[in-house]
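As structure tokens, the structure follows; a few thoughts come after it.
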Amino acid sequence: MKRMEVLTLNGNWSYQRSDGNESGTGTVPGDIYHDLLCNDQIPDPFYRDNEESLLWIAESEWSYERNFDVPTELLEHDRVLLRCDGLDTLATLRVNGEVIASTNNMFRFYEFDIKEVLKVGENTIQLTFSSALKYCNEKYREHWGWDHKASKNMSTRAVFVRKEQCNFGWDWGIKTGTCGIWRDMTLVAFNTARIESVHITQDHTSPGQVTLGVATDLDTTVDASLSARVSVAFDGELVAHVEQSFQGSSKSLTLLIENPQLWWPNNLGEQPLYHVTVEILGADGVVLDTSVKRIGLRTIRLDRHPDEWGESFQFEVNGHAFFAKGANWIPADAIKPRLTRERYRTLIEDTAAANMNMLRLWGGGIYEDDAFYEACDELGICVWHDFMFGHMGYHPSEDLEYRKNIKAEAIDQVKRLRHHACIALWCGNNEQEQGSVMEVATRPMFQNWEDYCPVYDVLLRKVVEELHPEIDYWPSSPHTPHGDRSNFNDPTCGDAHLWEVWNKREPFESYRTCEHRFNSEFGFQSLPEPKTVYSFTEPKDRNIASHIMDYHQRSFGNDRIMEYLLGWFQAPNSFESTLWLSQMVQGLAIKYACEHWRRMMPRGMGTLYWQINDCWPVASWSSIDYYGRWKALHYMAKNFFAPLMVSGVEDVENSTVEIHVTSDLRDPVAGTLKWVVTDVDGNVLEESEREVTAAPCQNCKVETLELSELTEAHEKRGLMVWMELEAPGQPTSRNLAFFASPLKWDEVTAPRPRLLDLNLEPNVEVAIAPAGDGAFQVTLTTKRPALWVWLELDEIDAKCSDNFFHLRPDVPLTVVVTPASELSADEMTDRLMVRSLVDTYR
Ligand code: BMA
């Protein structure tokens, strides 16, 4: 018998614009935007407002073509398939001039038996991509009755095609409307049988062992005697093995893993991974096909049980309920071919470094690259996985062809991803239940429940229940599972998207009134740091209200950022200060929310802020910008997501501060809690310490400080409460509480003091020492309180172990700074800049 042969069609292809001059040599996998850019046929679409003059790319038809050699032996196989792992999107496929198929879904895997069309020697393959944008415009006109007006964000029309929804723009995204062969293309020739899919299930019911079920489905050309061989390896050692002969097109086997090493989310344990190899052998012992999957031994469930507040919403791993901490993930580059395995790895490392354990893969993007899921498996980042339906509003769910198409897509993707340890939940869509589904949808923007339910309650749920039953399905985010479903964001059950802060201008404190069970979205915008802004602006654009800064802002506008900023802080003294200060405000907003929700555990068991990353340089809710630079929020998240956290809740009217200790650890831990009350010059007014024991997975109010005497003697806006929690094996948790905050328009007489009265230079002293591996230890000491102290290197990027932290007088703090390129100690001294809040307005 013959082995399977796989011939790649990746590599160089020629491309051509059907009605224009542009042509050249492109790369598969890739897309037209990237190819035009690499061949200098278009300017950088991220620079200034270049994007606007590049819409012709999305409006054009493009074709890709190449020749390839077919050896005689390839055609001697029973079947020769052309496999397309990703065609974006409306493509007509021809081989040797013959039309093979038309495709309309970038998320599906297409396979066509082209043995009869191929010939020995040179063959030609051609793909023509018609304009998805034009197609959507026509569909839009048909459905809405009028033309879609051009706008920065054209996402409402994207629903008509199964293509990355944010590719037509989003409220943080550039519109490219690209096309191309975005994933691998191969010829697969086989005889007798090949592996169609492998489903690995885990039974953890007997203590000290895990039973793996390995079900293999085959694609067979004849009914033959075959054998299936499955082996499981851990750390390079074989730990289980089984081989059986069979006849037919599927085979299930079980294997016992003794002494299983369990997989845990980040900070809750290790992430051991096992390799499961399935081989299918012919009667003569020849291996016909092999599949290797890397798995983690664990169970993950969404636990929903009735409780005193309604119904729980918490993830359980290996039977242990844990607090989900993290953010929402969007496509990490608007020009996808630029995304390398290293960039994925770095972003997931950054996720783990901020003490996160979950990402929500948001439904307006793409089913991600393997590199994303592999890094999440390796680093313990659970994935709440939306199916790719991102737009809040009308979807053509009533169209039966569309339903067939998305069913095939869901099957392809669930089969592809179900072995990953990181997958924690499948979710039907983003925000469709949030006011856009109704009993009788009278306007073109909305849809009927009658059309919605068959897709999100039945079709997608069934795919998950049949193909990945060990993981739960959730119809939408947010979703209210009881009572009136249209009444989204019910605080007693389900998940919530809380946008009153930012969208409705509510103050940050309003987060503290939310008692939802799981907060899967909430966010606050900031601007990227100067280096990033310089990359897309000319000096004349460097004003927060310039056309170009506005152009790189797709939400309400930079005035919303400024509005909040001026509520908290003094007017910034430069453009650069505005950028930095916007990040501090953002960090503060999300800190308010996340600390509060962690303190509410176990009523609330998860907080995923919007959003972790960017797809181009833009003002957005992200905590890491397009170039991978951490914003203040990301550093602050590392602290407010730390497994052991101290935090304070101030009561301005009564002059009290509650001190809380929150633990996500699996074991109790004893530590020392210290607090110091100072004035704004750092003079100690009161201090104390006590031993505390933090119980696992709990929040505990440890102390309430009564500070009315001090607030009488000193102004409220002049008091600071510094907290510090030290426990063996855990990084020290530090926090600061104060009574200052912005005035609310309806409470102008309330006793809320507006600002911390910091006006003097803290004069932070800096000592630098090499720390090995190109890193430096930077020790900072101050004479006066220094808030939001941040370190930056002139012209060079750097990562810090901490940044945007508060410094108390005479308490030195050491951070490790790792520059992106090697620096001598002298160069480090020259380039290091240390600044703090007062530098933004003085
Ligand atoms: C949510 C998301 C996104 C959006 C974000 C910011 O509603 O689901 O669609 O980008 O808010 O507005």
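Nothing in this text is a laboratory measurement; each read-out follows from the coordinates by a stated rule. Keep in mind that this is a model prediction, so the values were computed, not measured. When we count neighbours, we look across all protein chains shown, and the Cβ atoms used for this are built from the backbone with ideal geometry, even at glycine.
Some notes on this structure:
- Neighbour-count order for Cys514, Cys615, fewest beta carbons within 10 angstrom listed first: Cys514, Cys615
- Cα-centred dipole magnitude for the stretch 192-249, charges only on beta-carbon of K, R (+1) and D, E (-1), debye, nearest 20: 60
- Angle in degrees between helix 400-417 and the longest Cα principal axis of the chain, rounded to the nearest 10: 70
- Extension gain, Asp773 to Arg338, is 153.8 nm, computed as 0.36 nm per intervening residue step minus the present C-alpha separation.
- Along its principal axes, the chain has C-alpha extents of 92, 65, 65 angstrom, given from the largest down.
- Taking 0.36 nm per residue of sequence separation and removing the Cα-Cα distance, the Asn12/Ala545 pair yields an extension gain of 187.5 nm.
- Restricted to Cα atoms, the stretch 493-618 shows a radius of gyration and a Dmax of 15.7, 51 angstrom.
- Dipole axis of the stretch 1-135 (+1 Lys, Arg; -1 Asp, Glu on Cβ), positive-most option in Thr72, Thr8, Thr103: Thr72
- Each of Ile411 and Glu761 was given a label point 7 Å from its Cα along the Cα-to-Cβ line. The distance between the two points is 7.1 nm.
- Note on Thr351, Thr211: ascending count of other Cβ atoms within 10 Å places them as Thr211, Thr351, the fewest first.
- DSSP-loop GluC sites (Glu not before Pro) across the stretch 260-329, with at most 16 other Cβ within 10 angstrom: Glu270, Glu308
- With a simple spin-label model that places each label point 7 Å from the Cα along the Cα-to-Cβ direction, the separation between Lys134 and His148 comes to 1.5 nm.
- Sparse-neighbourhood loop sites, trypsin sites (Lys or Arg not before Pro) in the stretch 671-729 - DSSP loop, at most 11 other Cβ within 10 angstrom: none
- Sorted by Cβ neighbour density within 10 Å, fewest at the top, the residues Ile114, Ile411: Ile411, Ile114
- Estimated FRET transfer efficiency when R0 is 22 angstrom, pair Ala713-Glu658 (beta carbons, to 0.05): 0.55
- Asp303 paired with Arg443, simple spin-label distance in nm, labels 7 Å along Cα-to-beta-carbon: 4.3
- Annotation: for a label point projected 7 angstrom from Cα along Cα→Cβ of Asp171, residues of the stretch 381-398 with backbone N closer than 18 Å are 389-395.
- In order along the stretch 475-492, the phi-based Karplus estimate (6.51 cos²θ - 1.76 cosθ + 1.60, θ = phi - 60°) of 3J(HN,Hα) comes to x, 7, 10, x, 9, 9, x, 10, x, 6, 5, 6, 7, 6, 6, 5, x, 9 Hz; Gly and Pro are listed as x.
- Overall shape: prolate for the stretch 421-567, with the ratio a/c of the largest to smallest alpha carbon gyration tensor axis at 1.5 or above and a/b above b/c.
- Unsatisfied cross-links (Cα-Cα over 26 Å) in the set Lys175/Lys799; Lys325/Lys404; Lys591/Lys674; Lys175/Lys415: Lys175/Lys799; Lys325/Lys404; Lys175/Lys415
- Size of the stretch 340-397 as Cα extents on the principal axes (Å, biggest first): 39, 23, 14
- FRET efficiency, Val287 to Asp667 (Cβ-Cβ, R0 30 Å, nearest 0.05): 0.05
- Per DSSP, loop GluC sites (Glu not before Pro) in the stretch 369-445 with at most 16 further Cβ within 10 Å: Glu398, Glu439
- Rounded tilt (10° steps) of 558-568 against the dominant C-alpha axis of the chain: 30
- With a cut-off of 15 Å on the backbone N, the residues of the stretch 189-204 near the modelled label site 7 Å out from Ser249 along Cα-Cβ are 191-198.
- Taking a ≥ b ≥ c as the square roots of the eigenvalues of the alpha carbon gyration tensor, the stretch 66-215 is oblate, as a/c is not under 1.5 and a/b does not beat b/c.
- Prolate/oblate/rounded call for the stretch 385-440, Cα gyration tensor, a/c under 1.5 rounded: oblate
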